[in-house]
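Readers should treat all values here as calculations from the given coordinates under stated rules, not as data from a laboratory. Note that this is a predicted model, so its numbers are computed, not measured. Counting neighbours? That spans all protein chains shown, and the Cβs are built from the backbone with ideal geometry, glycine included.
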Amino acid sequence: MKTLKIYGSTGSIGKSCLKLLKLKNNDFSIKLLAAGNNLDLLKKQIVEFEPEFATINNKEKAKALKDFLDEENLKTEFIPFDKSYEINCDITLSAIVGSAGLIPTFKSIPYTKRLALANKESMVLAGEFINKECEMHGTELIPVDSEHNAIHQALRAGGKEEVKSLILTASGGPFFGKTMNQLKEVSVEETLNHPTWEMGKKITVDSATLMNKGLEVIEAHFLFGVDYSHIKVKIHPQSIVHSMVEFVDGSIICQMGKTDMMLPIQYALYFPQRVYTEDFSFNFGKSLTLDFFEPDLETFKSLKLAYSCGERGISDRIILNSSNEIAVNYFLKGEIGFLNIPNFIEHMLNKLERPEINSIEDVLEFNERVRKISIKEVEGGNF
Ligand SMILES: NC(=O)c1ccc[n+]([C@@H]2O[C@H](COP(=O)([O-])OP(=O)(O)OC[C@H]3O[C@@H](n4cnc5c(N)ncnc54)[C@H](OP(=O)(O)O)[C@@H]3O)[C@@H](O)[C@H]2O)c1
């Protein structure tokens with residue numbers, strides 16, 4: 001039985017993972033469930049899945065969690081959030097949203113044999129340091145993000161030197177085909193109405209701006225060591241082809257399937273084995289249409305910004321990621337408009353000096369600075 005830690009057990013990916021484990025209850029033993037704020041759901045998960053340890057990244061709620069575990073006489077032990085990184089295990093699922101996922105992801109690497117990575121933001125912020133840390137500790141990195149998971153599968157068809165390009169697919173989100181004018185007044189509700197995937201709020205907004213694809217381009221660069229000029233994006237509204245690899249002989253290998261995150265999670269947990277869990281068969285119906293379009297980089301300029309920040313280097317990536325995170329929070333609160341998200345990122349890219357980044361500590365320090373200045377700028381209406 002393999003041991004598993006789940007960071008972000010109360011989120012969309014975390015819940016899909018637990019749903020999968022319920023169906024495969026003899027294959028994994030849960031070492032840790034870790035949440036951010038949602039104590040009620042975490043308590044339910046503890047009672048149902050009886051992990052060895054549990055934690056929550058909120059001081060008051062941590063005390064309440066400890067009391068709950070003592071009172072209920074459960075076999076689960078409380079552990080402070082920052083001590084949980086050092087619990088040894090076979091697999092760590094990194095499924096916290098945003099830059100909050102970076103420390104748990106990075107600090108867990110020495111203590112886990114495999115990192116199943118959903119938290120793309122940590123690769124955007126610190127891909128070079130995460131790769132180095134994994135190499136140093138012999139930790140295997142398997143992507144959970146469906147596009148990178150698809151590429152991981154397609155790459156098994158050829159050698160690294162035979163790869164011509166990676167082709168990431170994007171659904172296009174709820175606003176595919178819309179003009180800049182039509183995007184001026186879109187609401188939070190319309191933005192959260194994703195046509196093909198059910199996900200957390202931040203990634204759903206990122207999908208609508210195409211920033212999600214931009215973050216994924218950067219993630220792909222670090223996961224697969226491919227230059228940005230050889231990573232392409234195609235809008236594929238059906239979300240059936242999850243991504244593709246083009247090889248030098250002109251062959252394109254794609255991975256297709258249902259839009260259910262249980263599939264890439266399962267792949268990341270069982271690789272290199274393929275297992276049956278439930279009927280995930282894809283229904284071709286009577287006919288099947290697959291469309292692929294070029295992304296509109298002028299209307300959805302977040303994707304263009306991500307390519308250029310990826311090319312320019314780590315400080316630009318940190319500004320891109322963290323100013324986006326802050327802008328998305330304010331958009332979700334209804335305080336800024338949809339088009340203000342990319343405009344704000346551009347504003348921050350123009351405003352901030354780039355420091356030298358030589359370590360993970362430098363990343364964390366600059367990330368905090370970008371977040372603080374971003375909040376001040378939005379609050380002050382300075383863009
Ligand atoms: N959802 C998908 O289908 C999907 C697909 C591909 C990749 N991803 C990536 O997977 C990650 C998670 O996405 P999601 O959609 O599952 O997000 P989500 O539903 O919003 O869940 C986020 C999780 O992160 C936890 N969290 C937030 N802030 C935290 C903090 N400061 N400390 C500790 N935990 C914290 C939340 O805890 P509480 O709820 O307890 O506050 C929750 O468990 C993201 O990086 C996303 O890009 C998601």
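Assorted remarks:
- Restraint check, 178/232; 75/258; 24/232; 22/213, Cα-Cα greater than 26 Å: 75/258; 24/232; 22/213
- The residue 284 and residue 350 beta-carbon pair, evaluated with R₀ = 56 Å, returns a calculated FRET efficiency of approximately 0.70.
- Lys, Arg +1 and Asp, Glu -1 on Cβ, resulting dipole of the chain about Cα centre, debye, nearest 20: 400
- Cα shape, region 58-209, gyration tensor, a/c 1.5 rule: oblate
- As a length-normalised measure over Cα pairs under 8 Å and 6 or more apart, the relative contact order of region 2-143 settles at 22 percent.
- For the chain, modelled as a GNM whose springs connect Cα atoms under 10 angstrom apart, the maximal fluctuation among 315, 359, 12 occurs at 359.
- Once you reduce region 108-147 and region 234-262 to the center of their Cα atoms, the two points are 23 Å from each other.
- Here the Gaussian network model covers the chain, with springs between Cα atoms less than 10 Å apart; of 101, 313, 285, 285 fluctuates the most.
- Sorted peptide list for 185-196, 49-60, criterion being average Cβ within 10 angstrom, highest first: 49-60, 185-196
- Amide H contacts under 5 Å for residue 232, placed H, 5+ residues apart: 166, 167, 168
- Centroid-to-centroid separation of region 321-374 and region 153-215 [C-alpha atoms, Å]: 20
- Across the chain, the mean sequence separation of Cα contacts (distance under 8 Å, 6 or more residues apart), normalised by length, yields a relative contact order of 15 percent.
- Couplings for region 26-32, taken from phi via the Karplus curve 6.51 cos²θ - 1.76 cosθ + 1.60 with θ = phi - 60°, read 9, 8, 9, 10, 7, 7, 8 Hz in order; Gly and Pro are left as x.
- Pairs exceeding a 19 Å alpha-carbon distance, out of 43/333; 83/120; 31/83; 184/333; 44/202; 15/202: 43/333; 83/120; 44/202.
- In order through region 260-270: 3J(HN,Hα) via Karplus (6.51 cos²θ - 1.76 cosθ + 1.60), integer Hz, x for Gly, Pro: 9, 5, 4, 5, x, 5, 4, 4, 5, 7, 9
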